[in-house]
Structures are given as C-alpha cells and as structure tokens.
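Asker: I have a structure I would like to understand better, so I am pasting it below and will then ask my questions one at a time.
The values are calculated or read from the model by the stated rules, or taken from the named source; none is laboratory data. Everything quoted here is computed from the prediction, not taken from an experiment. Every residue, glycine among them, receives a Cβ derived from its backbone with ideal geometry; neighbour counts consider all protein chains shown. SASA here: full protein model, heavy atoms, side chains in, ligands and nucleic acids out. Shrake-Rupley method; radii C 1.70, N 1.55, O 1.52, S 1.80 Å.
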Amino acid sequence: MAERELQGTGATPRSGLGTVVWYGQDIELPDAADVTVDEAAERDRFADAVSTARAELETEREATAERVGEEEAAVFDAHIQFLEDPTIEDAVETEIAEGTPAPNAVDSAFGAHIEQFEGMDGRMAERADDLRDVRDRLLRLLTDGDRVELADLPEGSVVLAERLTPSDTAQLDPDTVAGFATVTGGRTSHAAIFARSLALPAVVGVGDDLDSVEAGTDVVVDGDAGTLLVGPDESERAAAATDSGAGVVEEQVETTDGRGIEVAANVGRPVELQPAADRGADGIGLYRTEFLFLDREAPPSEDEQYEAIREALDTFPEGRVVVRTLDIGGDKRIPYLDLPEEANPFLGERGIRRSLGPDSDLFVTQLRALLRAAADGEGDLAVMVPLVASVEELEDALDALDDAAADLDDAGVEYERPEVGVMVETPSAVFVAEELAARVDFLSIGTNDLTQYVMAADRESEHVSDLHDPTYPGVVRAIHRTVEAAHAHDAWVGMCGEMAGNPDLTELLVGLGLDELSMSAVTIPDVKAAVSETTYSTASERAEDARTAATRSAVANSQQ
Ligand code: PEP
Ligand code: MG
C-alpha cells in the first residue's frame with residue numbers, strides 16, 4: 001500500500017507513475033510603498049510586456065494547433081483578447097499614473113476582472129482561469145519570475161500545481177510527462193478537458209492536501225480512481241507503469257460467441273473527430289451539438305452546422321454518426337439564449353423542452369442542416385432528441401422533422417431522412433419505452449441523467465455522488481426494461497452515458513442486450529478489448545442475476 005492516498009476527481013481514466021515536479025508561478029510583487037515610480041518608464045515596461053506576451057501567445061497558439069487541434073488552440077485567441085482588452089489596459093494605466101508600479105497595477109486591474117468572472121456560473125467562471133493565465137504571464141515578464149519550463153520536463157515527471165491554465169496544459173508533452181494533479185478544478189475545467197484530449201493521466205480538485213507532497217517524491221496519478229498515491233508500493237508502481245491501455249482495434253468487435261457490439265465515440269466538437277477515429281471508434285454514438293453553440297456570441301448558422309455534421313460523416317465513411325439535437329438547460333447554459341433562472345434547472349426547461357418551446361427556430365435550423373448533411377455526407381446519419389419524457393414530445397419533434405423536410409422539398413434542396421432515435425434519460429421514458437420505440441429506429445440510454453433522475457441524486461453534487469451510481473438495481477432494471485422495449489419493436493439500443501465507457505461494466509451491458517456503446521474516445525480500446533473477451537451467453541445469465549439483485553453489492557457480486 002502507498003504511504004498516503006489523496007483523493008480528487010479523475011480527469012482521464014489512465015494511471016501514470018512518476019516523480020513530482022512542482023509548478024508554481026513564484027511571482028513576487030514589489031512593495032509598492034518602497035518604489036518611486038517613473039510613470040513613463042512603467043508605462044513602457046507594461047507596453048513591452050504586452051507585446052512580448054502577444055508574441056508568446058501566438059507561438060503557443062500555433063504549436064497547440066499542430067499538436068492538439070485548432071479548437072484547443074482557439075483558447076489563445078481569447079487570451080490575446082484579454083491581453084488587449086481596453087478596459088483592463090485603461091485600468092492598468094490609470095493605476096500607473098497614480099504612482100503604482102506596473103506589476104502591482106497589472107495584479108490589481110486583472111484581479112478586479114477575475115473576481116467578476118468568479119462570481120458567474122459554469123463556463124463564464126472558467127474564464128477567470130484564462131484571465132489568471134494572462135495576468136501571470138504579464139507578471140512573469142514584468143518581474144523576471146522563474147518558472148519551471150513545462151515544455152522541457154525530464155521524462156517521467158508528474159506535474160503538481162495549484163491549477164494549470166490552458167496554456168500550461170498545452171505545453172505538456174504526453175510522451176515525457178507521466179501525469180498531473182492539481183489543487184483546484186473539476187471534470188469540466190479546461191485542464192481536465194485538455195488532459196482527456198492528450199490521454200494524459202490526471203487528477204484535479206485534490207484540495208490543499210496536495211501542497212504537502214514534496215518535489216522529488218514518487219507518485220502514481222490514478223485518473224480512473226481519482227487518486228494520487230504518494231510513495232506507491234511495488235505492485236502499485238508496476239500496475240501504473242504498465243497502464244498504457246489496450247491497443248487500438250480498428251475493426252468492429254464481437255463477443256467470443258459472435259455477438260457484434262458497435263463501439264462508438266462521444267464528441268462535442270469537430271477537433272475530436274479524428275482522435276476518435278484514431279482510437280478505433282466505429283462511429284459517433286453521441287455528438288453533443290450544444291458545444292457548437294458555446295463560446296460565441298450568436299448561434300451557428302444552418303451552413304456552419306451543416307459543415308460540422310458533414311465533417312463528422314466524412315470522418316466515418318463506413319460508420320454511423322448519431323447527432324443529438326441541441327441539449328441546453330440544466331448545467332449547460334448559453335449566455336445569448338436567455339435561459340430562465342429556475343430553482344431546479346435539472347427539472348426545468350432543458351433539452352427537447354426548449355427545442356419545442358423558446359428555441360423552436362433554432363431547432364428548425366438545426367433539423368434543416370441535419371437533413372441536408374445526411375444527403376451529402378459519406379457516413380450514415382442518425383438524429384436523436386434529448387430528455388424526452390413523453391410520447392407527445394417525441395411526436396412533436398417528429399412533426400418538426402417532417403416540416404423541415406417538406407420545406408426543403410418545396411425549395412428544391414436535396415436532403416435525406418436520417419435514422420431517428422430518442423435518448424432515454426428520464427424515468428418516464430423508461431416506462432413508455434415501448435411506445436417510443438414503436439415510433440423510432442433506435443433508443444440511446446443516457447445514464448448520466450437517467451441515474452440522476454432514477455436515484456434522485458444530482459449528477460453534479462459531490463455530497464450524493466455515491467448514490468449517483470448506475471449499478472444500483474433501480475438503474476440496472478431501467479436499462480434492461482429499455483433494451484427489451486427497443487428489441488420488441490425492432491429498434492436498436494445503445495448507451496451513451498459515462499457507464500458505457502467503463503470496461504469493468506462491459507460484460508454487464510453486453511449481457512443486458514445493448515447493441516451499441518458510446519464513450520469518450522480514450523476508453524474505446526479498453527471497451528473493445530472487454531467486448532472481445534466477453535461470452536454473450538454467460539454475460540446474459542449474469543445480467544439476469546444483476547437485474548434481479550436487490551442491492552448494489554449483489555449486482556456487483558453477480559458479475560464476479
Ligand atoms: C447522459 O445524460 O447520460 C448523456 C449522455 O447526456 P449528457 O451527459 O450530455 O447530459
Ligand atoms: Mg443527458
């Protein structure tokens with residue numbers, strides 16, 4: 001056993017063994033009271049720092065675009081905007097004019113903006129990280145602050161830091177760095193997202209205990225369990241050192257007794273498509289289109305959406321691409337869409353409820369883009385609607401699709417009707433799964449939300465995270481019921497919640513009868529390997545025990 005185990009949130013389900021390198025900014029501001037400020041000189045110093053920072057950001061932008069992708073590189077454009085924001089610049093210059101040294105003026109002007117963003121929700125709050133990044137870059141230039149060169153770390157380093165900004169993370173080379181762990185951050189923080197695109201072992205949000213881990217100590221970053229093992233023992237070291245994951249399997253996989261299971265990827269942005277294909281995805285099982293609407297001032301046009309979906313279809317010429325229509329509300333907020341303030345946003349206006357209500361115009365635009373892309377793209381398009389709770393909602397959505405097709409017909413625009421499906425994420429959808437399946441080509445189970453609603457356990461809350469577990473019998477039975485309903489109506493059934501990407505649960509899911517499993521690309525090789533080792537006849541007997549089990553531990557025992 002390791003000498004100590006620290007718990008955080010796993011960001012990438014990989015383990016890495018290495019030696020701690022602490023990454024801190026080590027910036028010391030001058031004592032403003034001791035400095036006589038030459039206003040013109042300080043102003044010049046500030047201007048020089050801004051132009052050097054700009055040059056650095058442009059170089060890093062290019063390197064990131066090459067190494068990670070265009071979409072990830074776009075964060076540097078945001079940094080350049082913050083760097084040259086006239087309000088912040090004015091605030092710095094005003095302070096300099098009042099006799100404040102340039103570094104202190106930068107610290108205070110950025111500090112005020114950081115505080116404002118920290119007071120906001122979700123992704124706006126993450127902007128505070130971007131501002132900190134720009135501030136620290138300027139302070140380093142103004143104070144000659146030392147910092148560890150992240151791009152040039154010794155092989156086998158594990159980086160520990162208070163937080164890692166997007167530009168920090170983009171410099172990490174997954175071939176030499178064994179992983180990282182941070183004091184702050186959650187699964188959706190930029191650092192975690194970058195870690196996943198680089199398949200780098202990472203644990204975020206460890207808390208202040210991380211500070212006690214000294215540089216030079218050997219640690220294991222277990223991004224699966226969300227733990228940092230300080231002073232690991234021999235077996236923990238060996239397990240981490242050999243965790244390179246299963247090898248990529250290009251072809252479709254089947255169980256030892258010949259049941260084929262489609263293993264697909266969940267994506268949200270065009271830049272994730274090729275990495276998914278590279279990790280052996282058979283297709284896309286969930287394209288979260290709301291990501292195409294984030295980080296911009298207005299919704300993407302029909303043509304932009306058409307292009308994005310075409311790119312997906314052309315990346316998987318032999319495969320299927322399941323696109324989910326806009327799913328906002330709940331924890332996903334888009335500032336320009338004017339979402340209502342609700343006491344329980346997860347039970348409020350989200351998913352299909354908005355597409356049939358206040359966002360109906362956006363829904364029509366999206367459906368037109370999808371119908372057109374289906375005709376032109378190489379792969380097969382499938383479209384699914386999120387958070388359906390009633391047959392009425394599904395029928396209204398199907399009517400909207402018919403209307404969009406009729407409009408394109410009238411205008412003489414080429415289109416093709418894609419496969420249509422429903423996400424099963426609400427208990428009601430489970431209870432009316434027969435009626436839903438009778439009207440569509442497929443069902444896809446969203447276990448993140450389904451578990452939240454079946455167990456009445458907020459998917460975002462660390463206080464009830466133990467209850468938010470899809471291996472409770474209530475959820476297992478809901479999955480089984482959905483599969484039976486789909487198959488009774490010749491519909492295929494997939495799963496695109498996080499559960500699908502857990503190779504320890506592959507046998508259970510195959511045994512329950514799922515036809516497709518869709519997950520973040522990093523776990524595809526492990527799940528493909530698990531499918532190939534599964535015998536369907538045994539798996540279905542064990543699944544029968546699982547769905548008749550009374551407790552979570554009995555479900556677990558049924559799979560031993
Ligand atoms: C789900 O709820 O399981 C799902 C896949 O959708 P999201 O996580 O985007 O809500
Ligand atoms: Mg969902």
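Asker: Going through the range 436-454 one residue at a time, which ones are within 22 Å of Leu509 (Cα to Cα) and either of a type in the set (Lys, Arg) or within 13 Å of ligand 1 (Cβ to nearest atom) (or both)?
Answerer: Once the filter is applied, which keeps residues that are within 22 Å of Leu509 (Cα to Cα) and either of a type in the set (Lys, Arg) or within 13 Å of ligand 1 (Cβ to nearest atom) (or both), the range 436-454 yields Leu443, Ser444, Ile445, Gly446, Thr447, Asn448, Asp449, Leu450, Thr451, Gln452, Tyr453, Val454.
Asker: Could you run through the range 74-94 and say how many residues are farther than 18 Å from Ala55 by Cα and open to solvent by 20 Å² or more (accessible area, probe 1.4 Å)? Let's see the steps before the verdict.
Answerer: As a first pass, look at the range 74-94 and keep what is farther than 18 Å from Ala55 by Cα: 86-88, 90-94.
Those still in the list that are open to solvent by 20 Å² or more (accessible area, probe 1.4 Å) too: 86-87, 90-91, 93-94.
So the count comes out to 6.
Asker: Right, next: Exactly one of these conditions fails for Leu381: (1) closer than 28 Å to Arg333 by Cβ; (2) assigned to a helix (DSSP H, G or I); (3) not charged (D, E, K, R). Give me its number.
Answerer: Single failed check for Leu381: (2).
Asker: Quick one: which residue in Arg459, Arg481 is basic (Lys, Arg), farther than 16 Å from Ala264 by Cβ and within 19 Å of the chain's Cα centre (by Cα)? Outline the logic, then answer.
Answerer: Working: Arg481 fails: within 19 Å of the chain's Cα centre (by Cα).
Of the residues listed, the single one that is basic (Lys, Arg), farther than 16 Å from Ala264 by Cβ and within 19 Å of the chain's Cα centre (by Cα) is Arg459.
Asker: List the number of the failed condition for Glu302; all other conditions in (1) surrounded by 20 or more Cβ atoms within 10 Å (Cβ to Cβ); (2) modelled with pLDDT of 95 or more; (3) more than 16 Å from ligand 2 (Cβ to nearest atom) hold.
Answerer: Of the numbered conditions (1) surrounded by 20 or more Cβ atoms within 10 Å (Cβ to Cβ); (2) modelled with pLDDT of 95 or more; (3) more than 16 Å from ligand 2 (Cβ to nearest atom), the odd one out for Glu302 is (1).
Asker: Please state which one of Gly99, Gly119 is surrounded by fewer than 19 Cβ atoms within 10 Å (Cβ to Cβ) and under 33 Å from the mean Cα position of the chain (by Cα). Spell out the reasoning first.
Answerer: Numbers: Gly99 fails: under 33 Å from the mean Cα position of the chain (by Cα).
After applying the criteria, what remains is Gly119.
Asker: Quick one: Pro317 ticks every box in (1) part of a loop (DSSP other than H, G, I, E, B); (2) within 16 Å of ligand 2 (Cβ to nearest atom) except a single one, so which number is it?
Answerer: Against the list (1) part of a loop (DSSP other than H, G, I, E, B); (2) within 16 Å of ligand 2 (Cβ to nearest atom), Pro317 comes up short only on (2).
Asker: Test of understanding: among Asp295, Asp314, which residue is farther than 30 Å from Ala456 by Cβ and either modelled with pLDDT of 95 or more or within 16 Å of ligand 1 (Cβ to nearest atom) (or both)? Explain how you work it out, then say what you get.
Answerer: On the way: Asp295 fails: either modelled with pLDDT of 95 or more or within 16 Å of ligand 1 (Cβ to nearest atom) (or both).
None of the others qualify; the one that does is Asp314.
Asker: Mind checking which pairs have a first residue in the range 290-302 that is farther than 19 Å from Gly329 by Cβ and a second that is open to solvent by 50 Å² or more (accessible area, probe 1.4 Å), Cβ under 9 Å, 6 or more apart or different chains?
Answerer: From the range 290-302, the pairs are Glu297/Pro335; Glu297/Tyr336; Glu302/Arg368.
Asker: Moving to a separate point now. Within 13 Å of ligand 1 (Cβ to nearest atom) and closer than 19 Å to Leu450 by Cα, is that true of Phe346? Can you show your working first?
Answerer: Details: within 13 Å of ligand 1 (Cβ to nearest atom): yes; closer than 19 Å to Leu450 by Cα: yes.
Criteria met by Phe346.
Asker: Would you be able to tell me the number of residues in the range 399-425 that are under 17 Å from Cys496 (Cα atoms), open to solvent by 10 Å² or more (accessible area, probe 1.4 Å) and either within 15 Å of ligand 1 (Cβ to nearest atom) or touching a helix residue (DSSP H, G or I) at 6+ places or on another chain (Cβ under 6 Å) (or both)? Working first, answer last.
Answerer: Restricting attention to the range 399-425, the residues satisfying the condition of being under 17 Å from Cys496 (Cα atoms) are 419-425.
Pick out the ones that are also open to solvent by 10 Å² or more (accessible area, probe 1.4 Å) and you get 419-420.
Now drop any that are not either within 15 Å of ligand 1 (Cβ to nearest atom) or touching a helix residue (DSSP H, G or I) at 6+ places or on another chain (Cβ under 6 Å) (or both), which leaves none.
Counting residues in the range 399-425 that are under 17 Å from Cys496 (Cα atoms), open to solvent by 10 Å² or more (accessible area, probe 1.4 Å) and either within 15 Å of ligand 1 (Cβ to nearest atom) or touching a helix residue (DSSP H, G or I) at 6+ places or on another chain (Cβ under 6 Å) (or both) gives 0.
Asker: Just one of (1) open to solvent by 10 Å² or more (accessible area, probe 1.4 Å); (2) under 16 Å from Val253 (Cβ atoms) trips up Thr551, so point out which.
Answerer: (2)
Asker: Just one of the numbered conditions (1) within 16 Å of ligand 2 (Cβ to nearest atom); (2) open to solvent by 40 Å² or more (accessible area, probe 1.4 Å) is not true of Asp396; which one?
Answerer: Just one mismatch for Asp396, condition (1).
Asker: Another question about this same structure. Name every residue in the range 477-520 that is among the charged types (D, E, K, R) and more than 16 Å from ligand 2 (Cβ to nearest atom), in order of residue number.
Answerer: Pass one, the range 477-520, residues among the charged types (D, E, K, R): 477, 481, 484, 490, 498, 504, 507, 515-516.
Answer for the range 477-520, where residues must be among the charged types (D, E, K, R) and more than 16 Å from ligand 2 (Cβ to nearest atom): Arg477, Arg481, Glu484, Asp490, Asp504, Glu507, Asp515, Glu516.
Asker: Still on this structure: Please work out which one of (1) within 27 Å of Phe76 (Cβ to Cβ); (2) open to solvent by 60 Å² or more (accessible area, probe 1.4 Å); (3) not hydroxyl-bearing (Ser, Thr, Tyr) is the condition Glu318 fails and give its number.
Answerer: For Glu318, the failing item is (1).
Asker: Are there any pairs, at least 6 apart or on different chains, whose C-beta atoms fall under 6 Å, with the first in the range 315-338 and on the phi > 0 side of the Ramachandran plot and in contact (Cβ under 8 Å) with a residue 12 or more places away in the chain and the second assigned to a loop (DSSP other than H, G, I, E, B) and open to solvent by 10 Å² or more (accessible area, probe 1.4 Å), and if so, which?
Answerer: Within 6 Å, the pairs are Gly329/Glu349.
Okay, residues lined up against (1) in contact with a Ser or Thr (Cβ under 7 Å, 6 or more places away or on another chain); (2) more than 16 Å from ligand 2 (Cβ to nearest atom):
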| site | (1), (2) |
| --- | --- |
| Leu326 | yes, no |
| Pro340 | no, yes |
| Arg354 | no, no |
| Gly377 | no, yes |
| Ala389 | yes, no |
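Asker: So if I check each of Ala225, Ala264, Ala239, which one is open to solvent by less than 20 Å² (accessible area, probe 1.4 Å) and touching a residue at least 24 places away in the same chain (Cβ under 8 Å)? Even if it seems obvious, please write down each step before you answer.
Answerer: Working: Ala225 fails: open to solvent by less than 20 Å² (accessible area, probe 1.4 Å); Ala239 fails: open to solvent by less than 20 Å² (accessible area, probe 1.4 Å).
Answer to the selection: Ala264.
Asker: Moving on. What number of residues in the range 1-39 are open to solvent by 60 Å² or more (accessible area, probe 1.4 Å) and assigned to a helix (DSSP H, G or I)?
Answerer: First pass over the range 1-39, keeping only residues open to solvent by 60 Å² or more (accessible area, probe 1.4 Å): 1, 3-5, 7, 22, 26, 28-29, 31, 33-34, 36, 38-39.
Going one step further and asking which of them are assigned to a helix (DSSP H, G or I), we end up with 33-34, 39.
Within the range 1-39, residues that are open to solvent by 60 Å² or more (accessible area, probe 1.4 Å) and assigned to a helix (DSSP H, G or I) number 3.
Asker: I've got another one for you. Against the definition (modelled with pLDDT of 95 or more, part of a loop (DSSP other than H, G, I, E, B) and buried (at least 24 other Cβ atoms within 10 Å of the Cβ)), how does Leu326 come out, yes or no?
Answerer: Working: modelled with pLDDT of 95 or more: yes; part of a loop (DSSP other than H, G, I, E, B): yes; buried (at least 24 other Cβ atoms within 10 Å of the Cβ): yes.
Judged against the criteria, Leu326 is a match.
Asker: Can you list residue pairs whose Cβ atoms sit under 6 Å apart, with the first residue in the range 450-464 being of a type in the set (S, T, N, Q) and the second being within 13 Å of ligand 1 (Cβ to nearest atom)? Count only pairs 6 or more apart in sequence or on different chains.
Answerer: These pairs meet every condition: Thr451/His468; Thr451/Pro470; Thr451/Val475; Gln452/Arg459.
Asker: Pull up the range 40-73, narrow it to residues that are more than 30 Å from Ala199 (Cα to Cα) and acidic (Asp, Glu), then point me to the one that is least open to solvent (accessible area, probe 1.4 Å).
Answerer: So in the range 40-73, the residues more than 30 Å from Ala199 (Cα to Cα) come out as 40-52.
Subsequent filtering for residues that are acidic (Asp, Glu) retains 42, 44, 48.
Numbers: Glu42: 23, Asp44: 94, Asp48: 95 Å².
Here the answer is Glu42.
Asker: Another one. Taking the range 479-499 as the region of interest, how many residues are under 25 Å from Asp224 (Cβ atoms), open to solvent by less than 40 Å² (accessible area, probe 1.4 Å) and outside any strand (DSSP E or B)?
Answerer: Taking the range 479-499 and keeping what is under 25 Å from Asp224 (Cβ atoms), we get 479, 494-499.
Filter again for open to solvent by less than 40 Å² (accessible area, probe 1.4 Å), leaving 479, 494-497, 499.
Next, only the ones that are outside any strand (DSSP E or B) stay: 479, 496-497, 499.
Final tally of qualifying residues: 4.
Asker: So, Tyr472, is that one modelled with pLDDT of 95 or more and within 13 Å of ligand 1 (Cβ to nearest atom) or not? Show your work before the answer.
Answerer: Numbers: modelled with pLDDT of 95 or more: yes; within 13 Å of ligand 1 (Cβ to nearest atom): no.
No; evaluated as a whole, the condition is false for this residue.
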